[in-house]
Amino acid sequence: MSKYYEDVSGVPYAKFKDLRTHRGRMKMSSIISDKIKFETSQFKDFLNNILKLTVSPDDDFNRLVEFNGTFYTVAKGGLHSVDDSRLYDNTDGYIYKDADVTSYYPSIIEIFKISPAHLDTNIFLYLISYFKNDRVKAKHEGRKLEAEALKIVINRIYGALKDMMDYLFDPKATYQTTFNGQLSLLMLIEKLEVHSNGNIHCISANTDGIVCRFKPEYENLYSRLCKEWEVETGFELEYT
């Protein structure tokens, strides 16, 4: 990333290697994008309450929201459901489908135009797209080693946003990535649950994806709603 940023910007590494953006308390309203929109009063109230809060690199942030029987934790990292011990077995006649966001963190950065405040935003976003698109292409073409290497590079860029020893350090950029990503997944969960009248039910969420349970007759609706969410948000889903 350092080499590419140097080449594209024309700025020698020595001139940006010591740059950092330090933050104190930040308003959540400056972190969460206006692209985040909900349909139900339950999620609207949850969002409005979060927008009134502040967050800092030093405090803990943890909020719980329940929807249709599943509890979700929204914190500084990824979205997680609160899962108890249970066993699901698809001999019950249901389909269990896992939907994961392709290149989750770089996609969030790209879609919400997130960048460290001290770097050139256009160059940073150009490089994120460059690495992400190369990784997805390598994955689809079966070049597994290259795809995995690029995945490490991309995820390292996200990790560097919260690493004080790295020139990409900017806590606000970290929280813009994590909070907007979590809320985007909650938008998908809401869409699936509401527009299927609860017949498509999310049973688990883990950072970049969700697992849903539904009867076979709802599979086409599931696919259509996921596609609508992809169009609305700009994310891409992969399924298991």
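Quick notes on this one:
- Couplings 3J(HN,Hα) of segment 218-234, computed from phi: 9, 5, 5, 5, 4, 4, 5, 5, 4, 5, 4, 5, 4, 5, 5, 9, x Hz, in residue order, whole Hz [Karplus 6.51 cos²θ - 1.76 cosθ + 1.60, θ = phi - 60°; x for Gly and Pro].
- 10 °C / 1.306 mPa s Stokes-Einstein diffusion coefficient of the chain, Kirkwood radius on C-alpha pairs, µm²/s: 83 µm²/s
- Shape class for segment 119-198, computed from the alpha carbon gyration tensor (a ≥ b ≥ c): oblate, with a/c not under 1.5 and a/b at or below b/c.
- Subtracting the Cα-Cα distance of residue 59 and residue 45 from their residue separation scaled by 0.36 nm leaves 2.7 nm.
- Calculated [θ] (222 nm, deg cm²/dmol) that DSSP helices of n ≥ 4 give over the chain, each run adding -39,500 (n - 2.57): -14000 deg cm²/dmol
- To the nearest ten degrees, helix 121-140 and the longest principal axis of the Cα atoms of the chain are 50 degrees apart.
- Distance between the C-alpha centres of segment 165-204 and segment 69-103: 13 Å, rounded to the whole angstrom.
- Heavy atoms of residue 64 accessible to a 1.4 Å probe, total area in Å² rounded to 10: 100 Å²
- Set of lysines near residue 27 by C-alpha distance (under 30 Å), chain-local residues within fewer than 8 positions excluded: 17, 35, 37, 44, 52, 76, 113, 132, 162, 172, 191
- Solvent-accessible area of the chain (1.4 angstrom probe, protein heavy atoms only): carbon and sulfur portion equals 50 percent.
- The packing ranking of peptides 178-184, 205-211, 2-8, 192-198, highest mean first, is 178-184, 205-211, 192-198, 2-8, where packing means the average number of other beta carbon atoms within 10 angstrom of each residue.
The values are calculated or read from the model by the stated rules, or taken from the named source; none is laboratory data. Remember, predicted model here, so these are calculated numbers, not experimental data. Cβ atoms come from the backbone with ideal geometry, glycine included; neighbour counts cover every protein chain shown. All accessible areas refer to the heavy atoms of the entire protein, side chains included, with ligands and DNA or RNA removed. Shrake-Rupley method; radii C 1.70, N 1.55, O 1.52, S 1.80 Å.
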